[in-house]
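Participant: If you scroll down you'll find the structure; I have some questions about it.
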Amino acid sequence: MDLFERSLHYMLEIMQGKRTPPEGMNITAEDEEERARQVGEQAAAMGVEALVRACAAQDGEELPEELFQHDADGMPLSDKVNGVQFFVKKDGGEDTPAPDPDKGKHAFEVFLDCLALEDNLIVYLIEVLKNRDWAEFNKLSRITTNMDLDPEEFLYWLGHREDYAEEEEQVCAVLMDRCLGRLLSEGKTETVAALLSGDEATFNAFRCEAPELVHLPQATYEWYCRNYLDRDYPVRALMRWNGVDFDTTRG
C-alpha cells in the first residue's frame with residue numbers, strides 16, 4: 001500500500017473500533033457518525049505522515065522511508081488524503097495547504113476515487129447501496145471526504161453520470177454500457193473483465209467485431225480510456241451488475 005492507502009486503511013480501522021487510536025488522537029464518541037467526524041478531523045490535524053507512522057508503530061511495523069518521499073519543495077507527496085486537506089510546515093514557517101489534486105472534481109468523484117484505493121471498499125460500498133444502509137454510507141463519506149454526502153443524490157448523480165458530460169463522453173458511455181451488457185448476457189465474463197481492466201489488445205480486438213463500434217472510427221483505445229475507463233462508468237457498471245438500484249424515488 002502507498003501512503004494514501006495506508007492512511008485510509010488506518011482511519012477506517014479506528015473509525016470501526018478495530019484499532020486503538022494512536023498517540024495524538026483522542027476519539028471519545030460512541031455514536032458512529034460523530035466518531036467518523038472525530039477521526040476525520042483529528043487525522044487532518046495530525047497529517048498523513050504522522051498518522052501512518054503512529055499506526056505502524058502500534059503494529060511494530062517498520063516502514064521504508066521511500067514511502068514518505070518528498071517533492072522538490074520539501075512537501076510530502078501525500079498530504080491530501082481522500083478529500084481531507086492536510087497541512088504541512090515548510091522551513092519552520094506557517095501552515096501551508098498542500099496542493100489539491102482533486103481541485104475541480106465533484107465531491108462524488110473524490111468519494112469514488114478514494115474508495116477505489118482498496119478493492120474491498122468498492123465491494124463494501126456495493127453492499128451498502130444494495131441494502132440502502134444510509135448510516136454506513138454516511139460513515140464512508142465522512143471518513144473519506146470529511147463531508148456528509150447524500151446517498152440518494154449520489155445514486156442519482158452516478159446513474160446519470162453521462163448527462164453531465166460532453167457529447168463524446170455521452171456517446172462512449174452509452175455504447176460501452178451496451179457492449180458490456182451484451183457481453184455479460186452472452187456469458188463472456190472474461191472479455192468484460194479484460195475490458196474493464198483496460199487491456200488494450202482485448203479492446204482493439206473487440207472493437208473490430210462489435211456491431212456498436214466497428215463502424216465508429218473515433219472508437220479508439222484512447223477514446224475508450226478517456227471517456228469511460230478514466231471516468232466512473234466501470235464502477236457504475238459493476239454496481240448495476242451486482243444489484244445496486246439507482247432508482248432514487250424509492251425510500
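Quick note: the coordinates plus some simple rules give every number you see, no bench work behind them. A quick note: this is a predicted structure, and the numbers were derived from the prediction, not measured. For neighbour counting, all protein chains shown are included, and Cβ atoms are generated from backbone atoms with ideal geometry for every residue, glycine included.
Participant: Applying a 10 Å radius around every beta-carbon, put 201-211, 39-49 in order of their mean neighbour count, most first.
Facilitator: 39-49, 201-211
Participant: For the stretch 102-165, what are Rg and Dmax over the alpha carbons, in angstrom?
Facilitator: Radius of gyration, then largest Cα-Cα span, for the stretch 102-165: 11.3, 32 Å.
Participant: Provide, for q = 0.26 Å⁻¹, the log10 of I(q)/I(0) from a solvent-free Debye sum over equal Cα point scatterers in the stretch 166-230.
Facilitator: -1.28
Participant: Give the residue list of trypsin sites (Lys or Arg not before Pro) in the stretch 10-48 that are DSSP loop and have at most 15 other beta-carbon atoms within 10 angstrom.
Facilitator: Working: sites: K18, R19, R35, R37; in loops: K18, R19.
Listed in order of number, the matching sites are K18.
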